[in-house]
Amino acid sequence: MPTSTQASAAVHRLNHAVLFVVDAERAKRFYCDVLGFDVAHEIPQRAVFLRARGSSNDHDLGLFALGDQAAPRDPRAVGLYHLAWQVDTIDELAVIERRLREVGSLVGASDHGVSRALYALDPDGNEFEVMWATPRAGWPDTLMGTNPLDLAADLQRFGGVRTLHELTTVG
């Protein structure tokens with residue numbers, strides 16, 4: 001039986017993520033140029049703290065430099081699979097899809113029913129997702145699974161529809 005303290009405590013959202021990278025400057029350029037992050041703070045040659053545009057958070061992503069001696073990451077090791085960054089419109093997802101293709105980072109794209117997702121790798125091989133939540137009113141009642149993303153059709157259907165507030169507003 002939970003105590004009153006346990007019953008009233010809950011995590012509300014992810015505040016920030018931190019990644020180990022070989023070169024913080026290189027990673028900073030990638031996340032700023034491709035995903036539109038802004039620099040919040042820097043510790044030269046050691047760490048960079050980035051803020052997502054429109055965020056009032058101190059930082060949303062930390063990048064800690066390990067240097068050239070960093071051990072390569074085994075993609076089959078137990079640990080974090082990916083981070084997911086949310087955009088407000090399908091139009092923004094299409095812009096980021098073009099940027100990811102241009103830099104050769106895009107590794108997948110999916111329609112999950114409740115969201116449309118792009119999967120990519122940063123310069124250090126860290127996988128991340130950029131997703132757009134479909135309007136909550138149209139979410140399927142059961143888990144849909146994964147289907148191929150038809151971004152052109154989704155742009156026609158959902159162009160200009162903003163959904164960020166649907167997942168960030170409580171109540």
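Numbers at a glance
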| read-out | value |
| --- | --- |
| The stretch 44-56: number of residues that are more than 18 Å from Asp124 (Cβ to Cβ) and at pLDDT 95 or above | 2 |
| Of all residues making up the stretch 91-106, the number that are surrounded by fewer than 16 Cβ atoms within 10 Å (Cβ to Cβ) and in contact with a helix residue (DSSP H, G or I) (Cβ under 9 Å, 6 or more places away or on another chain) | 2 |
| Complete set of residues in the stretch 40-61 that are farther than 18 Å from Asn15 by Cβ and β-branched (Val, Ile, Thr) | Ile43 |
| Test: residue in the stretch 65-85 that is surrounded by 16 or more Cβ atoms within 10 Å (Cβ to Cβ), among the charged types (D, E, K, R) and free of Cβ contacts under 8 Å to residues at least 60 places away in the same chain | no |
| Any hit, the stretch 145-164, residues being within 14 Å of the chain's Cα centre (by Cα), at pLDDT below 95 and not aliphatic (A, V, I, L, M) | no |
| Count of residues meeting criterion [in contact (Cβ under 8 Å) with a residue 40 or more places away in the chain and either of a type in the set (A, V, I, L, M) or within 25 Å of Arg13 (Cβ to Cβ) (or both)] in the stretch 139-164 | 8 |
| Single residue of Asp74, Asp68, Asp58, Asp88 found to be among the acidic types (Asp, Glu) and within 14 Å of Ala24 (Cα to Cα) | Asp68 |
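The values are calculated or read from the model by the stated rules, or taken from the named source; none is laboratory data. Given the structure is predicted, the values throughout are model-derived calculations rather than measurements. When we count neighbours, we look across all protein chains shown, and the Cβ atoms used for this are built from the backbone with ideal geometry, even at glycine.
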